[in-house]
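Working notes for the structure below.
The values are calculated or read from the model by the stated rules, or taken from the named source; none is laboratory data. Note that the structure is a prediction, hence the values are computed from the model and not measured. Backbone-built Cβ (ideal geometry, glycine too); neighbour counts: all protein chains shown.
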Amino acid sequence: MLNEVKQTYTKNDIIYTQGQGSAFLYLIESGNIGVVVEKDSQLNLINKLGPKNFIGEVEFFKDVRRLTSTVALTDVTLYQFKKSDLMEIVEKCPNWVGDIMLTLGDRNYDAINLLVEHNVFDDEKNAYWTPQERQEIIDKIRIKKNSL
């Protein structure tokens, strides 16, 4: 049975952090989320996602630690799904459904790693925060990582 948990976040709240375990997948109901990486003590916005988008799917399907952190760019409402619940559903599907999910996870995983490795970040997106806000978010991410 699929049991989703509805969660709310306010602007600049951290949803999950780079390096964290990945037992959940999230569906954005409202608001916008930034997918970020910290590299060389800099916060880099890779993508901005809104309603009906998923976050955490790469690590969820590949069963690896989080490659990115996510931050609420606005007030956000999302649904959190447990991996074990979703996997019960996938197991009832034909094998090719799981294969497609794994392939998509692999492709996204490789794409994120290439972006980070080659410092491919959108400068326009990175202008989203002031330098002070950017540092505050980095600090929040570090605090959340240390509390895990």
Condition met for Tyr26 (farther than 19 Å from Val116 by Cβ, hydroxyl-bearing (Ser, Thr, Tyr), within 15 Å of the chain's Cα centre (by Cα) and surrounded by fewer than 21 Cβ atoms within 10 Å (Cβ to Cβ)): no
Residue that is nearest to Thr68 (Cα to Cα), among those in segment 115-126 that are at pLDDT 65 or above and surrounded by 10 or more Cβ atoms within 10 Å (Cβ to Cβ): Val116
Selection count, segment 8-26, where residues are part of a strand (DSSP E or B), closer than 15 Å to Leu73 by Cα and not hydroxyl-bearing (Ser, Thr, Tyr): 2
Long-range neighbours under 8 Å by Cβ, at least six apart or interchain, first residue closer than 11 Å to Tyr26 by Cα within segment 53-76, second basic (Lys, Arg) and assigned to a loop (DSSP other than H, G, I, E, B): Gly56/Arg66
Segment 9-19 - residue that is polar (S, T, N, Q) and crowded, with 17+ Cβ neighbours inside 10 Å and, of those, modelled with the highest pLDDT: Thr17
Members of segment 55-95 that are at pLDDT 90 or above and assigned to a helix (DSSP H, G or I): none
